[in-house]
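Okay, so here's the structure we're looking at.
The values are calculated or read from the model by the stated rules, or taken from the named source; none is laboratory data. In this text the structure is predicted, and so the values were computed from the model without any measurement. Cβ: placed from backbone, ideal geometry, glycine included. Neighbour counts: every protein chain shown.
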């Protein structure tokens, strides 16, 4: 398969990349590892005239800010992230999530920023459309959906594995614009619109993520649910962070995020509220898991039915809560 | 617009005039005639186009050649010396881990990287390292066996 023609620009800094991106506007596309973009270009789903490549830029290893926050460069390859000793100590949840992404080669090429800014995908959209599904769907500016034939909207899911983990960890993202940079909670980066999943405008670049330090006893768990267990997009992924009171008995706050089952990663707010101030127990986990599954309300995707996903999600949510709780005691 | 790039492939440097959309795979196969690197799916799923760029296993079908300017690249032709096979290649032959052989260059390179980082891998480490290499004929048992064998031999050689 050949790539379509494009012009290749290699800026020498992130600031220059942002300036170029603003200058070229919608003609240009930012690319880092390219493992999400190039296949889509080969399939003919997207055809940017100009590619602004971040590949030549140097990467800063994760650093701890004076206040204890961990700053991670968005250009860090996922493989490096997964084996970084500092990330492993500060946020084992993130290491695990990074290690669960695709294959070894893709983890070496793909970056954290790319994983967080990837396109939504669907069974029918992500392939060539030369001889099948030729009539465009919503995501190709058409007016139909192949997944839900009478559907009135696009049902493509956001498949990132690291996003749920980072959202559960309460990470904020730094977005560099042509004029100024801004900071926003990572969950606000996602619009929930499958046709435009990211809340960033022309000329903006995700430069790094800031992970606040844990100030209490903490248990975490990450589960990526797949059929084969390797080189696969998640049926769903679930990231759980339990922050405990100092006595280690009552739960101060819980953060539960479910990925790959909707147009954006879904925070299970009702489940989280049911955990706050409670003593951890099997019955509590069972109750919360039920709420998480209902709240996530999975989209059917990649051949999984909504009912199947909901049933599995309930089981895995209970297991991951138990696993997180086991780390505390 | 075409660009001039300099690549060091298997220790030999050369300059190429390439279009931005030409992938590293196309340069290796079409410009250099190094056809050991295979094109399988072309979209990063199968791993048969794996090459090493500065010790990292990457997919050459998803890497524009212009992004590899001044990089050290090792393809399957750079593994082993002349007709002497590397321990990994020999283990693949001995275990019958090859049928049609199309996935083998990628498998061997992924294994080389794994054994360099972790000379004594557990079964789950091998699964993790080779998850991006698909084989459609032998099944994976003999390949896993070959990796174990290569690992044992390389550890024994070092002692």
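Values for this structure:
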quantity	calculated
Which numbered condition residue A:241 misses (of (1) under 17 Å from the mean Cα position of the chain (by Cα); (2) under 19 Å from residue A:112 (Cα atoms); (3) part of a strand (DSSP E or B))	(2)
The listed residue being more than 15 Å from the chain's Cα centre (by Cα), away from chain A (no Cβ under 13 Å), in a helix (DSSP H, G or I) and surrounded by fewer than 19 Cβ atoms within 10 Å (Cβ to Cβ), out of B:124, B:142	B:142
Among residues of region A:144-170, those that are touching a helix residue (DSSP H, G or I) at 6+ places or on another chain (Cβ under 9 Å) and within 28 Å of residue A:78 (Cβ to Cβ), counted	14
Segments classed as strands (runs of 3 or more DSSP E), wholly inside region A:146-220, with at least 1 members that are free of Cβ contacts under 8 Å to residues at least 60 places away in the same chain	A:172-176, A:181-185
Hey, residue B:131 within 13 Å of chain A (Cβ to nearest Cβ), at pLDDT below 95 and either in a helix (DSSP H, G or I) or out of contact with any strand residue (DSSP E or B) (no Cβ under 6 Å at 6 or more places or on another chain) (or both) or not	yes
Sole exception among (1) in a helix (DSSP H, G or I); (2) within 17 Å of residue A:235 (Cα to Cα); (3) at pLDDT below 95 for residue A:299, by number	(1)
Residues located in region B:23-41, provided they are within 13 Å of another protein chain (Cβ to nearest Cβ), without any contact (Cβ under 8 Å) to a residue 40 or more places away in the chain and surrounded by fewer than 21 Cβ atoms within 10 Å (Cβ to Cβ)	B:26, B:29, B:30, B:39, B:41
Selection count, region A:228-244, where residues are at pLDDT below 95, touching a helix residue (DSSP H, G or I) at 6+ places or on another chain (Cβ under 9 Å) and either under 15 Å from residue A:313 (Cα atoms) or surrounded by fewer than 20 Cβ atoms within 10 Å (Cβ to Cβ) (or both)	2
Filter pass, residue A:34 being within 14 Å of chain B (Cβ to nearest Cβ) and either touching a helix residue (DSSP H, G or I) at 6+ places or on another chain (Cβ under 9 Å) or at negative phi (or both)	yes
Unique residue being farther than 19 Å from residue A:173 by Cβ and modelled with pLDDT under 95 when the list is A:39, A:66	A:66
Among the residues listed as B:88, B:66, B:93, the single one being facing chain A (nearest Cβ under 9 Å) and modelled with pLDDT of 95 or more	B:66
Boolean, residue A:94 is under 16 Å from the mean Cα position of the chain (by Cα) and assigned to a loop (DSSP other than H, G, I, E, B)	no
Given (1) surrounded by 14 or more Cβ atoms within 10 Å (Cβ to Cβ); (2) in contact (Cβ under 8 Å) with a residue 60 or more places away in the chain, number of the condition residue A:287 does not satisfy	(2)
Hey, residue B:20 facing another protein chain (nearest Cβ under 7 Å), within 11 Å of the chain's Cα centre (by Cα) and either under 21 Å from residue B:92 (Cα atoms) or in a loop (DSSP other than H, G, I, E, B) (or both) or not	no
Scope region A:303-329; condition touching a strand residue (DSSP E or B) at 6+ places or on another chain (Cβ under 8 Å) and either closer than 17 Å to residue A:261 by Cβ or not in a helix (DSSP H, G or I) (or both); matching residues	A:309, A:312, A:313, A:316, A:317, A:319, A:320
Hits in region A:97-129 - residues which are without any contact (Cβ under 8 Å) to a residue 60 or more places away in the chain, within 14 Å of another protein chain (Cβ to nearest Cβ) and assigned to a loop (DSSP other than H, G, I, E, B)	none
